[in-house]
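Below is one structure, written out as structure tokens; the observations come after it.
The values are calculated or read from the model by the stated rules, or taken from the named source; none is laboratory data. Quick caveat: nothing in here was measured; it's all calculated off a predicted structure. For neighbour counting, all protein chains shown are included, and Cβ atoms are generated from backbone atoms with ideal geometry for every residue, glycine included. Just so you know, the surface numbers come from the protein's heavy atoms only, side chains and all, with ligands and any DNA or RNA stripped out. Shrake-Rupley method; radii C 1.70, N 1.55, O 1.52, S 1.80 Å.
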Amino acid sequence: MYVFKAAVVGAGTMGGEIAQVIAASGVGVVLKDIDQKFVDTGLEKAREVTQAQLGGLVAKEKITQEDADRQLTEITGRIAGATDYGAFGDVDFVVEAVPERMQIKQAVFEELDAVTPGHAILSSNTSSLSISEMGEATGRPDKVVGFHFFYPASMMRLIEVIEGEETSEETLQATANFAQQIRKTAIRCGEGPGFVVNRILNSAVSEIWKVTHEEGLDVKEVDKVIQESKAAPMGPFFLTDLLGLDTVLHVAEHLNDSYGDRFFVSPAMKDLVAAGNLGQKTGKGFYDHG
Ligand SMILES: NC(=O)c1ccc[n+]([C@@H]2O[C@H](COP(=O)([O-])OP(=O)(O)OC[C@H]3O[C@@H](n4cnc5c(N)ncnc54)[C@H](O)[C@@H]3O)[C@@H](O)[C@H]2O)c1
């Protein structure tokens, strides 16, 4: 199946960039959220990312400023913002990127099942939740699949294509093809908690969270040491602020529930989330983002 038109539901930390990736590959995309102000933030994010990418090509003299201006108009012109499902009647592929809560995701999948054509594939950008449970909210579980981008979606090449219990072989193949169409590299994995990447990443990061908590270390010092050692481009606490503390906490708790205490849940992160400090998106997390 070739994807002529796509949709992204949820225009937050991930959704705006996912829409940008799809539009930059030449495919038209609807970006939907529940409120126009979130849609506008997502559209603005897509514009900023496109501008930065094209600016890089101009700096390397690969394209002229005139080409960059034209491409910026073309790419951003392929993204249509929406607060309802009016433009979903002819989409081929949907990426759901709403908050990491099964109840919200199931409600969205039920709605998507009603408003999209029967052939459309309904995918989820979930970091850890069950694809099969999302499929249960629809009458087409064979066409429900995981499509997990990594932050920041405009730069990270990998996508996990996750197989639910009912996902058909045809859907998995079409989803891997769509990943290729939008210039990403797909790996197929089962729906074990955390899938592949977050299970590995969190096992390392949770050890850092644990030692920081037990020894009463300063998170900024921990980040500084890790960054200066070049073990990672940035420290885990700053990265968590960029990803969104609520999202990271949900994944950590899910892995802890699934695999036990070897996946630590940071009490400091829990306290910040309880106080509504979710990182960069709310202006404060482990760091103050002004
Ligand atoms: N943040 C990350 O680094 C990251 C990385 C990979 C995957 N994910 C996954 O992507 C998904 C989204 O995460 P995020 O960080 O972008 O979350 P976010 O909180 O930044 O954004 C979620 C957006 O969904 C919108 N929303 C809520 N209910 C909605 C509905 N019913 N219909 C349409 N929009 C709705 C919210 O208004 C918000 O704009 C989660 O499943 C998360 O696990 C996140």
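Between their Cα atoms, which of LYS230/LYS270; LYS32/LYS105; LYS60/LYS284 are more than 26 Å away from each other?
LYS230/LYS270; LYS60/LYS284, as the Cα separations exceed 26 Å there.
Packing around the peptides 86-98, 148-160, taken as the average count of other Cβ atoms within 10 Å per residue, puts them in this order, highest first: 86-98, 148-160.
Using 1/(1 + (r/R0)^6) with R0 = 30 angstrom and r between the beta carbons of MET155 and ALA114, what's the FRET efficiency to the nearest 0.05?
0.30
For the stretch 42-121, the alpha carbon positions stretch 47, 26, 20 Å along the principal axes, listed from largest to smallest. Here, the stretch 91-193 yields an orientationally averaged convex hull projection of 5.8 nm² when only Cα atoms define the hull. Global size of the chain: 19.2, 56 Å for Rg and Dmax (C-alpha atoms, Rg to one decimal, Dmax whole). R0 = 25 Å: FRET efficiency of SER132 with VAL197, Cβ-based, nearest 0.05? Given R0 = 25 Å and the Cβ-Cβ separation, E is 0.80.
Calculate the tail of P(r) for the stretch 143-218: the fraction of all Cα-Cα distances greater than 17 Å, expressed in %. Value for the stretch 143-218 (Cα pairs over 17 Å): 54 percent.
What relative contact order, as a whole-number percentage, does the chain give when Cα pairs under 8 Å and 6 or more residues apart are counted?
Computed over the chain, the figure is 14 percent.
Whole-percent P(r), the stretch 1-46, all Cα pairs, 10 Å bins from 0: 33, 53, 14, 1. Each residue, VAL211 and MET234, gets one label point 7 Å from its Cα in the Cβ direction; the gap between the two is 2.2 nm. Measuring between their Cα centroids, the stretch 215-261 and the stretch 12-79 lie 29 Å from each other.
For the chain, which whole-number percentage of the solvent-accessible area (1.4 Å probe, protein heavy atoms only) is attributable to carbon and sulfur atoms?
Working: 7110 of 13750 Å².
After summing per-atom areas, the C and S share lands at 52 percent.
Against the empirical curve 2.2 N^0.38 Å, the C-alpha radius of gyration of the stretch 148-271 lands at a ratio of 1.19.
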